[in-house]
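Below you'll find the structure, written out as structure tokens, and then a few comments.
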Amino acid sequence: MSGDDLDRALERARQANERVEAASAASSAASEELLRKRETERTQFEAFISSLAKELSATTTKLDQSGIPRISLDRPLHPGPPAANLEMKKVIGSMSILGKLSVSESSIKLEIDWDKPIQIGSLDIPDVKYPVGSVEPKQVITAMIDAYTKAINQRASS
């Protein structure tokens, strides 16, 4: 083995180290950016939930006057991504409608169904995704009221 071979091997090893360091730095930067994005989504979600709670409080009288069950807001106690639950209790008998709010991929997702869909069937309401930061509380409340209307109509026609 000549000195030139040794020098070339050392140069290849140095270049490989540089590529690994560059990839590691890029991965670290991407991880930091993802963490910043998730924290921004979490902050916006929390602000939305706060404004939703205020809007629900303001809407209570209108619901009562219309004979529509109140919508309660609940926060799950488990760790993980931010989430919230909306519930209209005793829509029909003891059956309640649940709305599950979660955040991911820059969207707030709303899933609405019966509290026990396995026992009584589904409301067949498609999930809705709202862009984080641009959803209004009234949109979510309206979706819950529309679910209530659909539930009442389904029961009336069966």
Using θ = phi - 60° and the Karplus form 6.51 cos²θ - 1.76 cosθ + 1.60, what ³J(HN,Hα) does each residue of segment 82-97 get, whole Hz, x for Gly and Pro?
x, 8, 8, 10, 10, 9, 10, 7, 6, 5, 9, x, 9, 7, 10, 9
Candidates (1) 9, 30, 23, 12, 8, 7, 6, 4, 2, 0; (2) 11, 41, 35, 12, 2, 0; (3) 9, 30, 26, 17, 11, 5, 1, 0; which is the computed P(r) over Cα pairs in 10 Å bins from 0, in percent?
(1)
Which angle from 0 to 90°, rounded to the nearest 10, does the C-alpha axis of helix 137-157 make with the longest principal axis of the chain?
50 degrees
For segment 21-35, Karplus-derived ³J(HN,Hα) couplings (6.51, -1.76, 1.60; θ = phi - 60°; whole Hz; x for glycine and proline) come out as 5, 5, 5, 5, 5, 5, 5, 5, 5, 5, 5, 4, 5, 5, 5
Tell me, what is the 1.4 Å probe accessible area of Ile152, in Å² to the nearest 10?
60 Å²
With every protein chain present, what is the per residue accessible area of the chain (1.4 Å probe, Å²)?
64 Å²
Dividing the Cα radius of gyration by the Kirkwood radius, what Rg/Rh value follows for segment 1-62?
1.64
In nm, what is the difference between 0.36 nm times the number of residues separating Lys37 and Ala156 and their Cα-Cα distance?
38.3 nm
Relative contact order (%) - criterion: Cα under 8 Å, at least six apart; region: the chain
16 percent
Rolling a 1.4 angstrom probe over the protein chains, ignoring ligands and nucleic acids, what is the accessible area of Tyr148 in square angstrom, nearest 10?
40 Å²
Keeping the other protein chains in place, figure out the carbon and sulfur percent of the accessible area of the chain, with a 1.4 Å probe.
53 percent
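The values are calculated or read from the model by the stated rules, or taken from the named source; none is laboratory data. Keep in mind the model is a prediction, meaning the values are calculated, not measured. Heads up: the accessible areas ignore ligands, DNA and RNA and are worked out on the full protein's heavy atoms, side chains in. Shrake-Rupley method; radii C 1.70, N 1.55, O 1.52, S 1.80 Å.
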